[in-house]
Amino acid sequence: MNLTLHIWRQKDRNDTGKMTIYKLEDVSPDMSFLEMLDVLNEKLEVEGEEPVAFDHDCREGICGTCSLMINGKAHGPRASTTTCQLHMREFKDGDEIFIEPWRAEAFPIVRDLVVDRSAFDKVIQAGGYISVNTGNAQDANCIPISKEQADIAMDAAACIGCGACVAQCKNSSAMLFVAAKVSQFANLPQGQAERYARAKNMVAVMDDQHFGSCTNQYECEAACPKDISADFIAQLNRDFMKAGLTK
Amino acid sequence: MKLDSKIPSGPIEKKWDQHKFDMKLVNPANKRKFKVIIVGSGLAGASAAATMAELGYDVHCFTFHDSPRRAHSIAAQGGINAAKNYQNDGDSIYRLFYDTVKGGDFRSREANVYRLAQVSVNIIDQCVAQGVPFARDYGGYLANRSFGGAQVSRTFYARGQTGQQLLLGAYSALSRQIGAGKVKMYNRTEMLDLVLVDGHARGIITRNLKTGKVESHAGDAVVLATGGYSNVFFLSTNAMGCNVTAAYRAYKKGAGFANPCYTQIHPTCIPVSGDHQSKLTLMSESLRNDGRIWVPKQQGDKRKPSEIPDAERDYYLERKYPSFGNLAPRDIASRSAKEACDEGRGVGETGLGVYLDFRDSIKRLGKDVIEQRYGNLFEMYERITDENPYQVPMRIFPAPHYTMGGLWVDYNLMSTIPGLHVLGEANFSDHGANRLGASALMQGLADGYFVIPYTIGHYFASHKIEKITEDHPAFKEAEAEVNQKINKLLNVKGSRTTDSFHKELGRVMWDNCGMARNKKGLEEALKKIPSIREEFWNNVKVLGENENYNVALEKAGRVADFLEFGEMMCLDALRREESCGGHFRTEHQTEEGEAKRNDKDFSHATVWEFQGVGKEPVEHREQLEFENVALAVRSYK
Ligand SMILES: Cc1cc2nc3c(=O)[nH]c(=O)nc-3n(C[C@H](O)[C@H](O)[C@H](O)COP(=O)(O)OP(=O)(O)OC[C@H]3O[C@@H](n4cnc5c(N)ncnc54)[C@H](O)[C@@H]3O)c2cc1C
Ligand code: FES
């Protein structure tokens, strides 16, 4: 199929950037979206134009590196699917496709479609862990955890930290990301000792990092490629309130 | 180059304990005076960085990823082994040790493998304490599954995302130390050289991928945990960024490189769909529990699979290995698939594929059971191929997946360069010529949490390490070299893209140094690779400048190293005149087509010493002694 691509090009953080149009012919429906961009880049390079920079690594939907806004949707049209797992058969001959980076104050643009998501790391550094040094652990089976509880923790832990939730949210809120980490530990016995301090500290840094506030639109949940439930946000809110009360 | 494996004396069960007691210690108050440079933030690097910072060392950790959480370890699916014997099925440290030595086709170092099996139990404890949500049974206790090459159930898992959960555990421990100011983390920073002062590893040269700035970092020891080199084949199951640069540049500075030809080709990956293919996707080994592998008996049979009656199908693994059947080990399953395709019986448009069929198990167990077991994998398969594996058999084909070779290390995980330590997939030690499923995660975390934190202290306490800074001439010299190489790449201004060279190299490697190798093919590859490399340096086109985020430049540097490294791989494969594990030389096979080891001449690790680009490296050998496991023919019939 033949496509018209509108791609955001921006040389560096200080450049103003603009949409640039590229025509691409003979795209196979079996290509992944990123392979389609590989083909474009190969062509651009041969023609002497610098390739479009985009983030990607595992191409298996698990590392959370890929991050494209495709036709206004984080990770594109297919639900529960990262950009790297999206295939061109979702598109048809003659389509115009608009490709942009994640846009959020907390995620400054590095180049073209690549953004800096280290704000997420900072939030985790503020409390997204259980404080246990190597060597402190008792036998793993000393802490029985019901299957249901373990499954809930796993549902929350499945977050890949891609930032689609922030990109899709009109407030650029990181609540779903923070809630997923807080809920993973809040649902495990090992996580209880630091439970409320964790919620409080992570939220404080989230605010510091210029993420917006949550107004319960749940765009995040819809955009999440790993189907992280917005119910976890309610859990975060409860733990955060409790942290305030117990202070 | 002297290869002293430093294996402690005494009975194998006591070696590690005794060694821990014998090693010198660094006083707690003095630890902060030692600066450790760690390159890599995967399972091995992140666990090492977190643990050493907890102990009080001044840790500086580097990754080319935008966050330590994105290291390739994140992609591991199936699970992690540990000799917990929670299933009461007869597992033990000794059995895990035995299985690993046998699975590696008797080409690993016994003492290291035994220690690995010993600390495996601590890994699970540590990860659970960190909040890793391993699968549980209804009583609330940890669940296990079985993996190839073992007759006990010892694999711990977190759905199909074990690597992700383990890495997030290590990342959280690392993040805690970064937050506490104990680890300085450098994201999007690529190590481009190792710096030696008076023969010791004293620092690295890096390039900041966002600004292009080339910088020096001096320290008291360097730890590489930079992963494997499967991407030398261009197409592999590894993440796109995986590369050999850090290990290879250390090799060029004098670190011995062991067994580069030991590569693992995983039997169940989604086949190539066209020239645009950028990487290959693994389908978990667990599928072989219920799927049956077959090809048509007839060559060139183009009928739909449903139209081919049972009598005209060849379930070749069941036929050739009746006792292991579809669960034959990876190397054997991969080679059999290749044979079937070479005979013209492969399926799919390209003829490079075999069927993995769930028809019979769906009939026997019902679709629901199959969905519960493999639902997410079936979905992933459908997303990629647009075919529904509940209705038509999956098509699979082998793909490069893991590399057992790596920088040579002694029992303390130190390379032949004093002060340079190597962890995880980047070293060569524990898996011999073939790795068992679910053992790489175990090894990465064993190295990082439970080995290096002890052995590095011994290194510091037993050497007098002069303080140096980045002003030392050795750093200036190395920086100049790195800058020169970058400029050279940018100034070739030729007409071919980096990817086109990478693909060309990959094809040569796959055809001649892949699943089956022979003298003729390897000699041919040894002629072709230097000429591809020469063309690369005369005709590659790398656009843009250094002082910016420049993906093309990053990639070109990595491919340049693969173009040298591939040659060493082929040479190693040529010199190893035997078949063992993942290294199959067609000249060395039994009448039934099985791998034929030559223990008399090849019971050693081959360690290569760099002599110059295009010059043949010098070969050294570490003789492997088997005192606890008797050398035997690996049989899975
Ligand atoms: C698809 C897939 C599935 C797998 N499943 C399993 C499984 O179920 N069980 C199992 O046991 N094993 C599995 N493996 C193997 C296992 O995942 C890896 O061997 C292991 O995770 C490697 O860990 P590592 O820490 O050594 O390296 P990696 O996780 O690869 O980390 C390398 C790190 O080094 C950094 N780095 C590299 N070079 C440089 C440089 N020059 N400068 C700066 N930083 C650098 C990277 O940024 C990264 O942080 C699987 C592998 C694949 C490909
Ligand atoms: S590239 Fe890893 S999730 Fe898409």
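We did not get these values from a lab; they are worked out from the coordinates using the rules stated. None of the values given here were measured: they were computed from a predicted structure. For neighbour counting, all protein chains shown are included, and Cβ atoms are generated from backbone atoms with ideal geometry for every residue, glycine included.
Can you give the FRET efficiency for B:Thr350 and B:Lys467, using 1/(1 + (r/R0)^6), R0 = 41 Å, r = Cβ-Cβ distance, to the nearest 0.05?
0.10
Can you put A:Trp102, B:Trp510 in order of Cβ neighbours within 10 angstrom, beginning with the fewest?
With the sparsest Cβ surroundings first, the list reads B:Trp510, A:Trp102.
Need one number: nm distance between label points at B:Gln623 and B:Met1, each 7 Å from Cα along Cα→Cβ, rounded to one decimal.
1.9 nm
Once you've got the Cα coordinates, tell me which of B:Lys33/B:Lys488; A:Lys73/B:Lys503; B:Lys35/B:Lys213; B:Lys279/B:Lys528 are over 29 Å apart.
The pairs that break the limit, which is 29 Å between Cα atoms, are B:Lys33/B:Lys488; A:Lys73/B:Lys503.
Take B:Glu534 and B:Ala311, extend 7 Å from each Cα along the Cα→Cβ direction, and tell me the distance between the two endpoints in nm.
6.0 nm
Mind putting a number on the dipole of the protein assembly as shown about its Cα centre? Charges go on the C-beta only, +1 for Lys and Arg and -1 for Asp and Glu, and I need it in Debye to the nearest 20.
Using only the charged Cβ atoms, the result is roughly 1480 debye.
If you take the beta carbon distance between A:Lys43 and B:Asp386 as r and set R0 to 30 Å, what does 1/(1 + (r/R0)^6) give as a FRET efficiency, to the nearest 0.05?
Calculated value: 0.75.
In peptide A:28-36, what is the residue-averaged number of other protein chain Cβ atoms found within 10 Å of each Cβ?
If you average over the peptide's residues, the count of other-chain Cβ atoms is 4.
In nm, give the distance between the simple-model label positions of B:Arg32 and A:Ser131, each being 7 Å from the Cα along the Cα-to-Cβ direction.
1.7 nm
Between A:Asp207 and A:Gln149, what is the FRET efficiency for a Förster distance of 22 Å, r being their Cβ-Cβ separation, to the nearest 0.05?
Efficiency, from the Cβ-Cβ distance: 0.15.
Please report the orientation-averaged projected area of the protein assembly as shown, defined via the convex hull of its C-alpha atoms, in nm².
34.2 nm²
Report, largest value first, the span of the C-alpha coordinates of the range B:542-617 along each principal axis, in whole Å.
If we take the Cα atoms of the range B:542-617, the spans are 58, 29, 16 Å.
Mind checking the full-extension length gain between B:Arg507 and B:Lys184? Use 0.36 nm per residue of separation minus the Cα-Cα distance, one decimal, nm.
Extending this stretch completely gives an extra 112.3 nm.
Counting only other chains, what is the mean number of Cβ atoms within 10 angstrom of the Cβ of each residue in peptide B:141-147?
2
For B:Lys297, which sequence-distant residues (separation of 5 or more, or a different chain) have an amide H within less than 5 Å of its own amide H, given hydrogens modelled in the peptide plane?
Here the answer is B:Arg313, B:Asp314, since their amide H atoms fall under 5 Å of that of B:Lys297.
At 0.36 nm per residue, and after removing the present C-alpha to C-alpha distance, how many nm does the segment from B:Thr211 to B:Gln589 gain when stretched out fully?
That works out to 130.8 nm of additional length.
Would you pull out the residues with amide H under 5 Å of B:Met394's amide H, same chain only if 5 or more places away, H placed 1.01 Å from N?
Those lying under 5 Å, H to H, from B:Met394 are B:Leu356, B:Phe358.
Of B:Val121, B:Leu407, B:Phe97, which is farthest along the charge dipole of chain B in the positive direction, counting Lys and Arg as +1 and Asp and Glu as -1 at C-beta?
The residue sitting most towards the positive pole is B:Val121.
With only alpha-carbon pairs counted, each pair once and no self-pairs, how large is the Kirkwood hydrodynamic radius of the range B:489-637 in angstroms?
Result for the range B:489-637 stands at 17.5 Å.
As an exercise, identify the chymotrypsin sites (Phe, Trp or Tyr not before Pro) in the range B:46-123 lying in DSSP coil whose Cβ has no more than 13 other Cβ atoms within 10 Å.
For chymotrypsin sites (Phe, Trp or Tyr not before Pro) across the range B:46-123 that sit outside H, G, I, E and B with at most 13 neighbouring Cβ atoms in 10 Å, the list is empty.
In this model, which of A:Lys11/B:Lys476; B:Lys302/B:Lys363; B:Lys252/B:Lys600 are farther than 28 Å apart at the alpha-carbon?
Beyond 28 Å: A:Lys11/B:Lys476; B:Lys252/B:Lys600.
Let me understand the range A:3-110 better: what is its radius of gyration from the alpha carbons, and its Dmax, in angstrom?
13.4, 38
Work out the length of the dipole vector of the range A:3-110 about its Cα centre, built from +1 on the beta-carbon of each Lys and Arg and -1 on the beta-carbon of each Asp and Glu, and round it to the nearest 20 debye.
Rounded to the nearest 20 debye, it is 460 debye.
Among all the aspartates and glutamates, which ones have a C-alpha under 14 Å from A:Lys147's C-alpha, if same-chain residues fewer than 8 places away are not counted?
A:Asp155, B:Asp137
Among B:Lys520/B:Lys596; A:Lys43/B:Lys527; B:Lys102/B:Lys367, which pairs are too far apart, with a Cα-Cα distance over 26 Å?
As for pairs spanning more than 26 Å Cα to Cα, those are A:Lys43/B:Lys527; B:Lys102/B:Lys367.
If Rh is defined by the Kirkwood formula over all Cα pairs and Rg also comes from Cα, what ratio Rg/Rh do you get for chain B?
Rg/Rh for chain B comes to 0.95.
Please report, in whole Å, how far the alpha carbons of the range B:340-453 spread along each principal axis, starting with the longest.
On the principal axes, the range B:340-453 reaches 57, 35, 24 Å in Cα extent.
Gain in length, B:Asp198 to B:Lys520, computed as 0.36 nm per residue apart minus the alpha-carbon separation, to one decimal in nm?
Net length gain for the segment: 111.7 nm.
Shielding by partners for B:270-276, please: the mean number of other protein chain Cβ atoms within 10 Å of each residue's Cβ.
The per-residue average across the peptide is 4.
For q values of 0.13, 0.22, 0.23 Å⁻¹, compute log₁₀ I(q)/I(0) with the Debye formula on a Cα-only model of the range B:578-637, without solvent.
The Cα Debye sum returns log10 ratios of -0.48, -0.98, -1.02.
Considering only A:Gln168, B:Ser47, B:Ile270, whose Cα is most displaced toward the positive end of the charge dipole of the protein assembly as shown, charges sitting on Cβ of Lys, Arg (+1) and Asp, Glu (-1)?
My answer, from the dipole projection, is B:Ser47.
Which one, B:Asn144, B:Ser172, B:His200, projects farthest toward the positive side of the charge dipole computed for the range B:143-220 from Cβ point charges (K/R +1, D/E -1)?
Value computed over the given set: B:Asn144.
Using helices alone, I'd like the mean residue ellipticity at 222 nm for chain B: each DSSP H run of four-plus residues gives -39500 (n - 2.57), total over residue count, nearest 500.
Per the formula, -11500 deg cm²/dmol.
Report the charge-dipole magnitude of the range B:1-131 in Debye, nearest 20, computed about the Cα centre from +1 at each Lys and Arg Cβ and -1 at each Asp and Glu Cβ.
500 debye
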